1. Residues that are touching a strand residue (DSSP E or B) at 6+ places or on another chain (Cβ under 8 Å), under 23 Å from residue 99 (Cβ atoms), open to solvent by 10 Å² or more (accessible area, probe 1.4 Å) and of a type in the set (A, V, I, L, M): does segment 180-188 have at least one?
2. Can you pull out the residues in segment 85-104 that are under 19 Å from residue 26 (Cα atoms), in a loop (DSSP other than H, G, I, E, B) and in contact (Cβ under 8 Å) with a residue 40 or more places away in the chain?
3. Quick one: which of 66, 5, 45 is without any contact (Cβ under 8 Å) to a residue 12 or more places away in the chain and of a type in the set (A, V, I, L, M, F, W, C)?
4. Return the pair list, or none, for Cβ contacts closer than 7 Å from residues in segment 140-155 that are closer than 14 Å to residue 191 by Cβ to residues that are modelled with pLDDT of 90 or more and open to solvent by 30 Å² or more (accessible area, probe 1.4 Å), at least 6 apart or on different chains.
5. Please work out if residue 107 is outside any helix (DSSP H, G or I), without any contact (Cβ under 8 Å) to a residue 40 or more places away in the chain, surrounded by fewer than 17 Cβ atoms within 10 Å (Cβ to Cβ) and not acidic (Asp, Glu).
6. Looking for something of a type in the set (D, E, K, R), open to solvent by 20 Å² or more (accessible area, probe 1.4 Å) and not in a loop (DSSP other than H, G, I, E, B) - is there at least one such residue anywhere in segment 51-61?
7. I want to confirm something. Restricting to segment 1-50 and keeping residues that are polar (S, T, N, Q) and open to solvent by 60 Å² or more (accessible area, probe 1.4 Å), which single residue is nearest to residue 124 (Cα to Cα)?
8. I need the full set of residues from segment 156-179 which are out of contact with any strand residue (DSSP E or B) (no Cβ under 8 Å at 6 or more places or on another chain), open to solvent by less than 70 Å² (accessible area, probe 1.4 Å), among the aliphatic types (A, V, I, L, M) and free of Cβ contacts under 8 Å to residues at least 60 places away in the same chain, in order please.
Amino acid sequence: MAKNLHKQISKEWATISKEVFRQLKWKYAGGFIFKEKGPFIYEILCGKCIDQNAVSVLFSYKFSALDETFWEITGEKENINKPLSLRVRGVSKAPFKFIERWVQPFQSENVAEGYTDLWKVVEQKISELNKTVFDLESFLQSLNPGEKESSEKCLLITGLIHQKKYEQAIEMLTKAIANGESGGIIFTNTSYYQYALKYCVEVTGKQKLQ
């Protein structure tokens with residue numbers, strides 16, 4: 001398939017996906033399709049597979065309130081009142097936990113039907129996930145923070161701070177910063193982890209004075 005033709009078809013498919021998912025009560029922002037359900041926000045990103053009647057799907061989620069803790073740490077509390085889409089495609093936000101990637105074949109030439117089938121698959125995956133991950137504690141327990149600069153480590157540290165477990169957060173932050181990690185985001189030469197460590201130290205210092 002010619003490159004320009006594939007680009008045109010991909011754009012057409014993206015337009016249809018937006019329409020289908022919006023009708024099914026999902027939202028759309030900057031290529032991401034997302035939905036807030038309970039305390040979580042789920043997002044999918046899908047792209048037309050070249051020369052296939054299928055889409056490649058990336059599926060992620062996070063505990064939505066961690067954004068508010070993130071913004072408390074970075075001094076951007078005003079973001080709490082901004083549109084939900086900021087939690088999905090904003091530059092400054094808590095990261096998502098990646099769940100799964102797969103190729104979703106479309107069973108017919110009807111693209112709208114294909115995206116409706118994809119919606120059913122995603123909703124089923126969310127339903128299955130909710131059986132084991134249903135609150136902040138179970139979400140944090142599902143994280144694997146082992147890799148350097150992993151989004152899951154950033155989420156875990158932010159979750160500990162959200163739970164006011166400052167000493168645990170300080171221990172993780174100190175090790176991460178010594179290892180050259182930033183938390184994935186740097187504001188004017190100051191990393192998110194540096195902001196978080198400063199925040200935790202200030203809070204624990206105030207607590208000791210009380």
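The values are calculated or read from the model by the stated rules, or taken from the named source; none is laboratory data. These numbers were taken from a predicted model, which means no experiment stands behind them. All Cβ positions, glycine included, derive from the backbone under ideal geometry; neighbour counts span all protein chains shown. Side chains are part of the model used for accessible areas, which takes the heavy atoms of the whole protein and leaves out ligands, DNA and RNA. Shrake-Rupley method; radii C 1.70, N 1.55, O 1.52, S 1.80 Å.
1. yes
2. The answer is 85, 96.
3. Being without any contact (Cβ under 8 Å) to a residue 12 or more places away in the chain and of a type in the set (A, V, I, L, M, F, W, C) holds for just one of 66, 5, 45, which is 5.
4. From segment 140-155, the pairs are 148/179; 153/145.
5. Values: outside any helix (DSSP H, G or I): yes; without any contact (Cβ under 8 Å) to a residue 40 or more places away in the chain: yes; surrounded by fewer than 17 Cβ atoms within 10 Å (Cβ to Cβ): yes; not acidic (Asp, Glu): yes.
For residue 107, the condition - outside any helix (DSSP H, G or I), without any contact (Cβ under 8 Å) to a residue 40 or more places away in the chain, surrounded by fewer than 17 Cβ atoms within 10 Å (Cβ to Cβ) and not acidic (Asp, Glu) - is met.
6. Looking through segment 51-61, none of the residues is of a type in the set (D, E, K, R), open to solvent by 20 Å² or more (accessible area, probe 1.4 Å) and not in a loop (DSSP other than H, G, I, E, B).
7. Within segment 1-50, the first condition is being polar (S, T, N, Q), and the residues that meet it are 4, 8, 10, 15, 17, 23.
Okay, now just the ones that are also open to solvent by 60 Å² or more (accessible area, probe 1.4 Å), so 4, 8, 15, 23.
On the way: 4: 35, 8: 31, 15: 23, 23: 18 Å.
Top of the filtered list is 23.
8. Correct list: 156, 157, 160, 169, 170, 172, 173, 176.
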